[in-house]
Amino acid sequence: MAVDRYGVMGYPVSHSRSPVIHRLFALQTNQKLQYELLQVTPEKLETAVRQFQRTGGKGLNITVPHKSEVTRLVDHLSERASTAGAVNTLSFRDGEIYGDNTDGYGLLRDLEFNHGLKLEGTSILVLGAGGATRGIIGPLLDKKPASLLIANRTLGKAQALTDHFSRSGPVAACRFNGLPAGEHYDLIINATSAGLHGDSPPYPGTAVSDDTICYDLSYGLKATPFSIWAREQGAERSVMGWGMLVEQAAESFRVWRGVRPDTAAVLKRMNVSA
Ligand code: NDP
């Protein structure tokens, strides 16, 4: 019998640890599947998704920079993907494409369950306004923070997100250099892809106090530029996004296979520091 095929599609994608994680999930839950790394440029996205579907693929993770664009190809959007306007999980069933978004679930599970944080009443600063930010804003606002500010290099994209989410909670937008003076944040989340391209944007040092927790969606075997920056600013804690990566992957795995893997065991097995 043919083995069910899954994969992650992105550009760049060589850094992705998703194949390792899904192989560990499959071993742990006794599922037979294969999981591929698929480097696909934005111009080839539609052709590549349709070809994967045509050749019997069962599901895809969609990563940077395709999460918003891929929504055009989806026949059925889950509520959380529709709220986000971005998709990171595709399922192919009966000739149709189902789109879901597990990023927000993954981040919250890591913040609340793995790191023991309470978000109600906190002030949150999110850096970046791309596909990942789309996925996390709704779930963050559901936790009733006192405020959520989105700072982005391109102001228009952050403003479009605040328009989209303004009915869900207290959300505002600015540029990196436009943060309110003297304001510190309880939680600063780096959701830019700058580190992936070897760039270091002018992260706002004035936003960090010694009570601030800094969370980088990016992750690496060595400390990421943002997590080094956060430590240099004297943040209380500086966390990389390994936990979110494993938690969002586990939720995708559940969507595809109907089984929830034990994420703690996989994080331990990967031997990465949060
Ligand atoms: P997108 O390509 O959709 O968005 C990229 C964002 O980064 C935009 O806001 C862009 O700003 C900003 N950006 C890129 N380069 C720079 C730079 N040099 N200076 C300042 N800002 C910059 O990517 P995603 O939102 O899909 O992903 C963002 C990051 O989050 C990636 O590194 C990805 O790997 C990571 N991620 C991690 C997850 C995890 O599980 N740990 C899950 C999801 C994502 P502008 O709008 O101005 O172009």
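Within the bounds of the stretch 20-34, is there any residue that is away from the ligand (no atom under 15 Å from the Cβ), assigned by TED's automatic domain parsing to the domain that holds T192 and either hydroxyl-bearing (S, T, Y) or surrounded by 22 or more Cβ atoms within 10 Å (Cβ to Cβ) (or both)?
Taking every residue of the stretch 20-34 in turn, none turns out to be away from the ligand (no atom under 15 Å from the Cβ), assigned by TED's automatic domain parsing to the domain that holds T192 and either hydroxyl-bearing (S, T, Y) or surrounded by 22 or more Cβ atoms within 10 Å (Cβ to Cβ) (or both).
As an exercise: evaluate R254 against (1) in a loop (DSSP other than H, G, I, E, B); (2) without any contact (Cβ under 8 Å) to a residue 60 or more places away in the chain; (3) closer than 30 Å to A81 by Cβ and give the number of the one condition it does not meet.
(1) is the only condition that R254 fails.
When only residues in the stretch 108-133 that are closer than 21 Å to T71 by Cα and hydrophobic (A, V, I, L, M, F, W, C) count, which is nearest to the chain's Cα centre (by Cα)?
Checked the stretch 108-133; the qualifying residue nearest to the chain's Cα centre (by Cα) is A132.
Please find, within the stretch 160-175, the residue that is surrounded by the fewest Cβ atoms within 10 Å (Cβ to Cβ) out of those that are within 20 Å of the chain's Cα centre (by Cα) and within 11 Å of the ligand (Cβ to nearest atom).
Checked the stretch 160-175; the qualifying residue surrounded by the fewest Cβ atoms within 10 Å (Cβ to Cβ) is A160.
Looking at A129, A81, which one is part of a helix (DSSP H, G or I), crowded, with 24+ Cβ neighbours inside 10 Å and aliphatic (A, V, I, L, M)?
Testing whether each residue is part of a helix (DSSP H, G or I), crowded, with 24+ Cβ neighbours inside 10 Å and aliphatic (A, V, I, L, M) leaves just A81.
Any idea which of (1) out of contact with any His (no Cβ under 6 Å at 6 or more places or on another chain); (2) more than 15 Å from the ligand (Cβ to nearest atom) is the one I150 doesn't satisfy?
(2)
T212 fails exactly one of the following numbered conditions: (1) within 10 Å of the ligand (Cβ to nearest atom); (2) outside the structural domain of H76 (by TED's automatic domain parsing). What is the number of that condition?
Every condition holds for T212 apart from (1).
Conditions (1) among the aromatic types (F, W, Y); (2) assigned to a loop (DSSP other than H, G, I, E, B); (3) touching a helix residue (DSSP H, G or I) at 6+ places or on another chain (Cβ under 9 Å); (4) under 25 Å from T83 (Cα atoms), marked per residue:
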position: I150; (1), (2), (3), (4): no, no, yes, yes
position: G156; (1), (2), (3), (4): no, no, no, yes
position: L161; (1), (2), (3), (4): no, no, yes, yes
position: R231; (1), (2), (3), (4): no, no, no, no
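For the stretch 176-191, name all the residues that are over 15 Å from I124 (Cα atoms) and not small (G, A, S).
Result: N177, single match.
On the basis of being under 21 Å from D186 (Cβ atoms) and outside the structural domain of F52 (by TED's automatic domain parsing), does G138 make the cut?
So G138 passes the test.
Would you mind finding the one in G99, G116, G106 that is of a type in the set (G, A, S), out of contact with any Gly (no Cβ under 7 Å at 6 or more places or on another chain) and in a loop (DSSP other than H, G, I, E, B)?
Of the residues listed, the single one that is of a type in the set (G, A, S), out of contact with any Gly (no Cβ under 7 Å at 6 or more places or on another chain) and in a loop (DSSP other than H, G, I, E, B) is G116.
Give the residues of the stretch 115-130 that are in contact (Cβ under 8 Å) with a residue 12 or more places away in the chain and in contact with an Asp or Glu (Cβ under 8 Å, 6 or more places away or on another chain), sorted by residue number.
Those that are in contact (Cβ under 8 Å) with a residue 12 or more places away in the chain and in contact with an Asp or Glu (Cβ under 8 Å, 6 or more places away or on another chain): L119, T122, S123, I124.
Cβ contacts < 7 Å: first residue free of Cβ contacts under 8 Å to residues at least 40 places away in the same chain, restricted to the stretch 93-109; second residue assigned to a loop (DSSP other than H, G, I, E, B) and within 15 Å of the ligand (Cβ to nearest atom), any location; separation 6+ or different chain. Result?
As it stands, the answer is G99/V87; N101/A86; N101/V87; N101/N88, since those pairs meet every condition given.
Out of E247, E251, which single residue is modelled with pLDDT of 95 or more, within 9 Å of the ligand (Cβ to nearest atom) and either farther than 21 Å from L107 by Cα or within 20 Å of the chain's Cα centre (by Cα) (or both)?
E247
The values are calculated or read from the model by the stated rules, or taken from the named source; none is laboratory data. The model shown is predicted, which means the values in this text are computed figures rather than measured ones. All Cβ positions, even for glycine, are placed from backbone atoms using ideal geometry, and neighbour counts span all protein chains on display.
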